[in-house]
Amino acid sequence: MTSSRLKRALDEHGIEVHNIWNINEKGFLLGKALKAHVICTRARRNPRLVQDGERKFVTVLQGVSAAGVLLPPLIIDKEAAHWMGWHAYVTEDEPAYFAYSPKGWTDNELGVEYLVQVFEPQTAAV
């Protein structure tokens, strides 16, 4: 859609820029390097990088408006219970919300939790 068509559609329906939101999820595999150097003898044809098995999957949900307003993220960790250490680097200036799931992935329940705990309170006054 061209910007002129978008502007016409927004004007026609009375939609203001601060009411356009996008919520994205991004998964991170922690503990696995993208690049590595493998040192071995020249005779070895297929060297392999050995992984220590210490990998963990974390998902982050975050919302942003078309006006550039950022919502605090929801960080979903692969755990069986909530760990207080997650809050070590959270400040009032940069809040974050935390949840856990067996695989570190988001699901419908966690998505609704983000909408209820973060999106609705932060955007109700806008």
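The values are calculated or read from the model by the stated rules, or taken from the named source; none is laboratory data. On a predicted model such as this, the values are computed, not experimentally measured, just so you know. Quick reminder, even Gly has a Cβ in these numbers, built from the backbone with ideal geometry, and neighbours come from all protein chains shown.
Test ILE15 against the criterion of being closer than 30 Å to SER3 by Cα, modelled with pLDDT of 90 or more and assigned to a strand (DSSP E or B), and give yes or no. So ILE15 does not fit the description; no.
Applying the criterion of being in contact (Cβ under 8 Å) with a residue 40 or more places away in the chain and over 16 Å from the mean Cα position of the chain (by Cα) to the residues of region 106-126, the residue that is surrounded by the fewest Cβ atoms within 10 Å (Cβ to Cβ) is VAL126. Of the residues that make up region 83-95, is at least one closer than 14 Å to PHE28 by Cα, surrounded by 11 or more Cβ atoms within 10 Å (Cβ to Cβ) and not hydrophobic (A, V, I, L, M, F, W, C)? Scanning region 83-95, I find no residue that is closer than 14 Å to PHE28 by Cα, surrounded by 11 or more Cβ atoms within 10 Å (Cβ to Cβ) and not hydrophobic (A, V, I, L, M, F, W, C), so the answer is no. Within region 1-26, the set of residues being farther than 23 Å from LEU70 by Cα and in contact with a helix residue (DSSP H, G or I) (Cβ under 8 Å, 6 or more places away or on another chain) comprises just one member, MET1.
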